[in-house]
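Accompanying notes for the structure given below.
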Amino acid sequence: MPTSSPSHLKTIYTRYFDTLVESRGCGTCVACCQHLHIDEPTLKKPAGQLCPNHDGTGCTIYASRPQTCRDWFCLWRRDENLPEGGNPADCGVVFSMDRSENPPNMFEHLFIVGRALNGPEDFEHPDAMASIKHFIKEGTLPVWLAHGGSKSLIYPHPELAALIQNPAKVADWNARQDVEKLRAHFLQLAP
């Protein structure tokens, strides 16, 4: 069961929003240039398309790039517990934390998503698998995997997720209490 104390959540937020692993740099990785949705006055770029300012070797407007580009880093750059080979350019999966303003369910308020850069087989790379296992074991945020415009919830498992959304369906009283604790945890991630 995830730890959901305010101090634990603050630690997670700090790690994923305020911290960079000093020894890790982007190198030749351009996953963010491909996968970020940018809706800035100076740049409109849909997710999944290489930025028009990328010339094949780097960003041609790096010094004046939009704030979104300045602030965004993949979770490999932020979480020292991810494997060294977890650079998106090496493992084929870029992990990020996402939020939805009007989510269709409680697992899309604040969540981790792994996006395969080439195809779903990228999720089978050992370092991608190790990263996925790390996020699931940590258990603080829902985890989704995405490719080709669709995404699937992998943590909590969809069957458990259905029960978390409707704990009354759990017949065993003790099990229902556990499910209700999980529900409270995931609901607290809402803005």
* Structure fact -> Selection over the stretch 91-116 where residues are part of a loop (DSSP other than H, G, I, E, B) and surrounded by fewer than 19 Cβ atoms within 10 Å (Cβ to Cβ) yields a count of 6
* Output the qualifying pairs, or none if there are none: Cβ atoms under 7 angstrom, residues six or more apart or on different chains, first residue in the stretch 174-191 and at pLDDT below 90 and surrounded by fewer than 16 Cβ atoms within 10 Å (Cβ to Cβ), second residue in a loop (DSSP other than H, G, I, E, B) and of a type in the set (S, T, N, Q). => GLN188/SER4
* Asked: Within the stretch 133-157, which residues are more than 16 Å from SER100 (Cα to Cα), in contact (Cβ under 8 Å) with a residue 24 or more places away in the chain and among the β-branched types (Val, Ile, Thr)?
  -> THR140
* Qualifying residue in the stretch 141-156 (condition: assigned to a helix (DSSP H, G or I) and either at pLDDT 95 or above or in contact with a helix residue (DSSP H, G or I) (Cβ under 9 Å, 6 or more places away or on another chain) (or both)) -> no
* For ARG115, are the conditions met, namely being of a type in the set (Lys, Arg), at pLDDT 90 or above and farther than 24 Å from GLN188 by Cα? -> yes
* Asked: Of all residues in the stretch 12-26, how many are over 16 Å from the mean Cα position of the chain (by Cα) and either in a helix (DSSP H, G or I) or aliphatic (A, V, I, L, M) (or both)?
  -> 1
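This table checks each residue for (1) surrounded by fewer than 19 Cβ atoms within 10 Å (Cβ to Cβ); (2) over 23 Å from ARG24 (Cβ atoms).
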{"residue": "HIS134", "(1), (2)": "yes, no"}
{"residue": "GLY139", "(1), (2)": "yes, yes"}
{"residue": "LEU145", "(1), (2)": "no, no"}
{"residue": "HIS157", "(1), (2)": "yes, yes"}
{"residue": "LEU160", "(1), (2)": "yes, yes"}
{"residue": "ASN166", "(1), (2)": "yes, yes"}
* Structure fact -> Residue hits (the stretch 118-140; at pLDDT 95 or above and charged (D, E, K, R)) are GLU121, ASP122, GLU124, ASP127, LYS133
* Can you tell me which residue within the stretch 163-191, out of those that are part of a helix (DSSP H, G or I) and among the β-branched types (Val, Ile, Thr), is farthest from the chain's Cα centre (by Cα)? => VAL179
* Write out, first by first residue and then by second, each pair whose Cβ atoms fall under 6 Å of each other, whose residues are 6+ apart or on separate chains, and whose first residue, in the stretch 39-54, is among the small types (Gly, Ala, Ser) while the second is not in a loop (DSSP other than H, G, I, E, B). => ALA47/HIS35
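The values are calculated or read from the model by the stated rules, or taken from the named source; none is laboratory data. This is a predicted model, so every value here is computed, not measured. Don't worry about glycine lacking a Cβ; one is built from the backbone with ideal geometry, like all the others, and counts go over all protein chains shown.
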